[in-house]
1. Antiparallel versus total DSSP beta bridges in the protein assembly as shown: what percent is that, nearest 5?
2. Over all distinct alpha-carbon pairs, what is the Kirkwood Rh of segment B:4-138 in angstrom?
3. Straight-line reach from A:LYS176: which aspartates and glutamates fall under 12 Å, measuring Cα to Cα and dropping same-chain residues less than 8 apart?
4. Beyond a 29 Å Cα-Cα separation, which of these cross-linked pairs lie in this structure: A:LYS18/B:LYS24; A:LYS3/A:LYS34; A:LYS77/A:LYS102; A:LYS106/A:LYS136; A:LYS47/A:LYS77?
5. Find me the longest stretch of chain A that has none of the exposed trypsin sites (Lys or Arg not before Pro), where exposed means in a DSSP loop (not H, G, I, E or B) with at most 10 other Cβ atoms within 10 Å.
6. For B:LYS76, list the lysines whose Cα falls under 18 Å from its own Cα; do not include residues on the same chain fewer than 8 positions away.
7. Please report the spacing between the Cα centers of segment B:65-99 and segment A:4-30 in Å, no decimals.
8. Can you put B:ILE133, A:ILE181 in order of Cβ neighbours within 10 angstrom, beginning with the fewest?
Amino acid sequence: MVKLAAKCIVAGDPAVGKSALVQMFCNDGAHFQKNYTLTTGVELLVKTVPVPETSDSVELFIFDSAGMELFSEMLDKLWEQPNAACIVYDVTNEQSFNNCAKWLEKLRTQTSGVHIPGVLVGNKTDLIDRRVVEQKQAQEWAETSGLEYCEISVKEMENYEVPFHILANSFHQLYKEKVEIFHSLVNWKTGANQATDIKDL
Amino acid sequence: MRSTNFCLSTEGADVILATSSDEKYPPENIIDGQSETFWTTTGMFPQEFVICFHKCVIISKLTIQCYLVQTLRIEKSMSKDPVDFEHCIEKDLEYKEGELQTEEFSFPEFQATHLRFIILSAFDTFVSVHRVIAEGIAQDI
């Protein structure tokens with residue numbers, strides 16, 4: 001049994017529903033934030049997600065970032081060494097979708113080449129008449145950008161847990177892969193290697 | 001006088017603190033004398049572990065075997081309890097894909113009852129620590 005810990009950045013344009021999503025997820029759907037409040041800086045929420053078919057879990061440290069801060073340097077400090085990314089857009093707002101590329105780019109500058117799990121989230125699917133970003137278009141962009149994809153409606157409480165479960169599972173998978181690599185490092189039982197030399201001490 | 005490795009459970013050493021614990025890869029693997037077994041970190045840096053010797057030892061050389069560790073800081077304490085740690089060394093390690101990092105630190109002899117290893121940053125999301133060796137001579141407390 002292991003409890004992993006991941007710093008999960010939630011990013012996206014203002015008013016796409018980042019805070020509503022994070023709040024809904026962390027209080028298990030008990031409360032939908034009806035009134036909009038602008039997030040400034042970063043809000044940190046912590047929730048443990050079990051990994052299916054294992055006794056393992058991932059403790060997500062969710063950094064809900066201010067959407068106004070796309071070009072702010074303050075985020076650079078708060079976003080240091082991220083482990084997972086959740087990029088949210090509003091399916092009724094094309095600009096919020098187009099800006100996802102900028103959010104992703106900003107995140108990638110923080111990871112110094114390390115692969116981290118990421119998910120693209122289209123919110124507000126309940127507003128069917130006002131929808132402008134089609135699922136196919138978003139899904140294709142997610143794929144080419146190495147992100148998972150899901151659509152949600154926080155208001156209707158639909159799929160609001162999915163993005164975080166996707167990230168927790170991917171992070172757990174990443175850990176298992178690394179552990180395999182750690183095992184493979186010391187298969188040098190024959191020959192005069194450092195590892196065996198030092199063992200004599 | 002023959003030099004000893006104090007970082008061994010068979011020499012009485014314990015890992016008294018580790019910030020990550022996967023029961024399959026526990027911190028005790030660092031002091032079991034084998035490179036094949038290891039401790040894993042399970043997320044978010046910094047990560048650290050503290051080795052207690054339960055006696056005062058004189059150390060002249062430290063070796064750590066690990067993988068994907070970037071910035072490592074080592075501190076020592078001479079107190080009976082794990083307090084009052086003093087800076088020993090801080091170094092950016094190099095790394096080659098698929099190769100265990102073996103890093104040696106030589107010092108003028110110093111006394112310690114505890115050693116603290118802080119992994120400040122890493123080349124990837126998780127790192128492993130396979131072995132720590134502290135060579136020197138034992139002394140009564």
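1. Numbers: 59 of 81 bridges.
Just about 75 percent of them are antiparallel.
2. Numbers: mean 1/r = 0.0684 Å⁻¹.
Result for segment B:4-138, one decimal place: 14.6 Å.
3. A:ASP56, B:ASP22
4. Numbers: A:LYS18/B:LYS24 36 Å; A:LYS3/A:LYS34 34 Å; A:LYS77/A:LYS102 17 Å; A:LYS106/A:LYS136 24 Å; A:LYS47/A:LYS77 22 Å.
Violating the 29 Å Cα-Cα cut-off are A:LYS18/B:LYS24; A:LYS3/A:LYS34.
5. Values: sites that count: A:LYS34, A:LYS189.
Looking at chain A, A:35-188 is the longest stretch - no exposed trypsin sites (Lys or Arg not before Pro) with at most 10 other Cβ atoms within 10 Å.
6. Counting by Cα, and skipping residues close in sequence, B:LYS76 has these lysines nearby: B:LYS55, B:LYS61, B:LYS91.
7. The distance from the Cα centre of segment B:65-99 to that of segment A:4-30 comes to 35 Å.
8. Numbers: B:ILE133 21, A:ILE181 15.
The fewest-first ordering by Cβ neighbours comes to A:ILE181, B:ILE133.
Taken together, the values in this text are just the output of simple stated rules run on the coordinates, not laboratory data. None of the values given here were measured: they were computed from a predicted structure. In this analysis, Cβ positions are derived from the backbone assuming ideal geometry, glycine residues included, and neighbour counts consider all displayed protein chains.
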